[in-house]
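Here's the structure we're looking at; comments come further down.
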Amino acid sequence: MEATQQTPAEILAKIRQLELKTKGLVQTVFAGDYHSVFKGRGMNFDEVREYQPGDEIRAIDWNVTARLGTAFVKKFTEERELTVILVVDVSASGMFGSVSQSKRELAAEVACLIAFSAIRNNDKVGLLLFTDEVELFIPAKKGRSHTLRIIREILFFQPHGKRTDPALALDYLNRVVTRRAVVFFISDFQTGDFSRELAISGRRHDFIAVHVQDEREKVLPNVGIITLEDAETGEQIEINTGDRATRQHFTEMAEAKNADLKRTLQRSNIDTISLETGRDYLPGLRAFFKQRERRMAIR
């Protein structure tokens with residue numbers, strides 16, 4: 001997983017493998033889901049034309065009308081191009097995975113699927129990587145080579161920080177991305193309060209939280225005495241997993257933390273996708289898009 005342990009050829013092979021897998025999903029099942037929800041909902045000014053009976057009075061361009069002495073109206077076309085920003089947590093806790101896949105690898109695969117869906121929809125894609133500092137920002141652009149660079153950075157970027165600070169990343173996002181964008185915020189959310197910055201981002205952008213977890217962060221196996229280490233702080237604790245009460249307490253703490261995160265996201269009306277390492281992420285993603293499509297149809 002770490003770039004320092006892999007040759008350039010191995011890195012390219014990993015990226016190519018991920019591209020082939022996700023592009024196959026885009027072409028077969030996912031692109032339609034993405035397009036139906038993010039097909040462009042803004043309007044761009046196109047031209048002016050003479051007023052015709054039945055035109056909306058509010059569409060009259062009064063400056064042109066006054067200058068030419070004849071009523072003209074503004075004509076608009078649907079804005080097809082969207083800006084998609086992938087905000088990805090690359091803190092140390094993302095390297096954890098009790099199965100063959102780490103949380104960071106899952107995040108990269110999901111981000112890759114979204115990025116190729118966006119490119120297929122003729123949208124621009126940008127990237128913001130963060131820990132307890134802003135590690136990297138790539139402005140939104142189009143094109144396959146740009147998308148492959150984004151995937152490479154998500155997979156192999158070596159961050160300076162170890163901890164997680166979504167508030168810092170959101171504050172940076174709110175300053176540098178001034179136009180409304182579709183934001184996919186991918187993280188395990190092992191952090192403190194970030195509700196103030198989240199509320200601002202939720203108002204400015206179409207914001208989707210992607211919560212990435214591992215089963216062993218919620219349920220401990222019965223394997224006797226083990227040492228747990230916090231990847232971000234280095235703090236260690238020895239616990240006896242053979243004790244049922246200990247395992248139950250661990251699960252209850254994880255459930256309480258997830259419930260608190262859920263409340264934080266709901267207060268800002270943030271849509272959430274919950275995914276888990278080692279499990280097929282496509283059903284969860286498709287269910288989210290189908291639900292959102294139905295909700296949009298009702299409005």
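The values are calculated or read from the model by the stated rules, or taken from the named source; none is laboratory data. Note that this is a predicted model, so its numbers are computed, not measured. All Cβ positions, glycine included, derive from the backbone under ideal geometry; neighbour counts span all protein chains shown. When the accessible area is computed, the model is the full protein with side chains, heavy atoms only, and any ligands, DNA or RNA have been set aside. Shrake-Rupley method; radii C 1.70, N 1.55, O 1.52, S 1.80 Å.
Solvent-accessible area per residue in the stretch 110-185 equals 40 Å², computed with a 1.4 angstrom probe and all protein chains kept.
If both residues of a DSSP beta bridge must be in the chain, then about 45% of such bridges are antiparallel. Cross-link reach is defined here as a Cα-Cα straight distance under 13 Å, omitting same-chain residues fewer than 8 places apart; for Lys142 the aspartates and glutamates meeting it are Glu81, Asp123.
Here the stretch 194-256 is described by how far its Cα atoms reach on the three principal axes: 49, 23, 17 Å, from widest to narrowest.
Extension gain Glu238-Arg295, at 0.36 nm per residue separation less the Cα-Cα distance, in nm?
Between Glu238 and Arg295, full extension yields an extra 15.8 nm.
Our Cα-only numbers for the chain put the radius of gyration and Dmax at 22.8, 87 Å. Three semi-axes describe the equivalent ellipsoid of the stretch 80-136; taken as square roots of 5 times the Cα gyration tensor eigenvalues and ordered largest first, they are 24, 15, 5 Å. Straightening the chain between Ile200 and Ile138 buys 20.2 nm, computed as 0.36 nm per residue apart minus the Cα-Cα spacing. With no solvent and one equal point scatterer per Cα, compute the Debye intensity ratio I(q)/I(0) for the stretch 119-205 at 0.16, 0.17, 0.18 Å⁻¹ and report its log10, rounded to two decimals. The Cα Debye sum returns log10 ratios of -0.67, -0.75, -0.84. Solvent-accessible area assigned to carbon and sulfur over the chain amounts to 49 percent, based on a 1.4 Å probe. A simple packing score, the average count of other Cβ atoms within 10 Å per residue, orders the peptides 211-221, 108-118, 282-292, 55-65 as 108-118, 211-221, 282-292, 55-65, with the highest score first. Listed by chain and number, the lysines placed with their C-alpha closer than 21 angstrom to that of Lys218 are Lys103, Lys257, Lys262; residues fewer than eight positions away on the same chain are left out.
Please work out the ratio of the alpha-carbon Rg of the stretch 145-299 to 2.2 N^0.38 Å and round it to two decimals.
Values: Rg = 18.1 Å, N = 155, 2.2 N^0.38 = 15.0 Å.
That works out to 1.21 for the stretch 145-299.
Taking R0 as 22 Å, what FRET efficiency do you get between Ala245 and Lys218 from their Cβ-Cβ distance, rounded to the nearest 0.05? The value I calculate is 0.85.
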